[in-house]
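Comments concern the structure below.
Read the figures in this text as sums done on the coordinates, not as results from a lab. As the structure is a computational prediction, the values presented were derived from the model and not from experiment. No Cβ is skipped: glycine too gets one built from the backbone with ideal geometry, and neighbour counts run over all protein chains shown.
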Amino acid sequence: MFCHAVCNPIQTVKLTSRTLPKKIHSSAEQPVSVRIRRCLRQTLVLLCLGLPGLHSPLSQAAVQGTEGNTSSGNVTVTYVQGLNTRLTGLRDMALGTWGGSGPLTASENVCVGRSGIGFFGTGNYRILARGDGEPGDPAAFTLSNGADRIYYNAYFNDQAGTGGRQQLTGGLQISGQTGFGFWMILNLVFGCTVNNANISIEVPATELAGAAGVYTGTLTLTLIPE
């Protein structure tokens, strides 16, 4: 059937071991066998040359055009929609003025949303955090006054409050974070509706004895669904 489709011989011949005898005894059948061999040779040449329009149906889902005044074909377009996430409820953290002892700390509850889960399911995700960095570590958690730099610790918790929080490392992900499906759907669709995570920072006292000034920095968090 493949030979018929390519070379269009007069007679369709099903190529099976039972219909191709080793020796043709009738002279009347000789032209058909000659056409079959010629068709097979031409087909092999076309396949080797890779001529456009000749593709195996096993490897191509597209429908190829045929020769004519106009030629039409079609292709299958496939798109895979990934999971959607949303991190909201973020606010700037003001540490205030250091009083000369102890660390400076700040904490805020935030909202994590994610698609692809049921109302009563569990949504898993990862968090990637990056700070302003330093020459040796571009993702380090740092604050600067333009001349001096100090370091702080950052933490993430997959529930409101700081109990059970995990310390972050700049440029690295923490996995295994979870959330209740219904809250995550609400936070995804409507923005910050239910606080279901927490971000906190701490500047150790050993970092606060440097030069005076206003120190600022940016903490970037990326929410990645699992």
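At-a-glance table
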read-out: Complete set of residues in the stretch 85-104 that are within 30 Å of residue 183 (Cα to Cα), loosely packed, with under 12 Cβ neighbours inside 10 Å and not aliphatic (A, V, I, L, M); value: 91, 92
read-out: Residues satisfying the stated conditions in the stretch 111-150, i.e. closer than 24 Å to residue 212 by Cα and β-branched (Val, Ile, Thr); value: 142, 150
read-out: Residue match in the stretch 88-103 (condition: assigned to a strand (DSSP E or B) and not polar (S, T, N, Q)); value: no
read-out: Scan of the stretch 104-139 for residues that are without any contact (Cβ under 8 Å) to a residue 12 or more places away in the chain and not in a loop (DSSP other than H, G, I, E, B), ordered by number; value: none
read-out: Matching entry among 197, 212, 139 (being closer than 29 Å to residue 101 by Cβ and of a type outside the set (S, T, N, Q)); value: 212
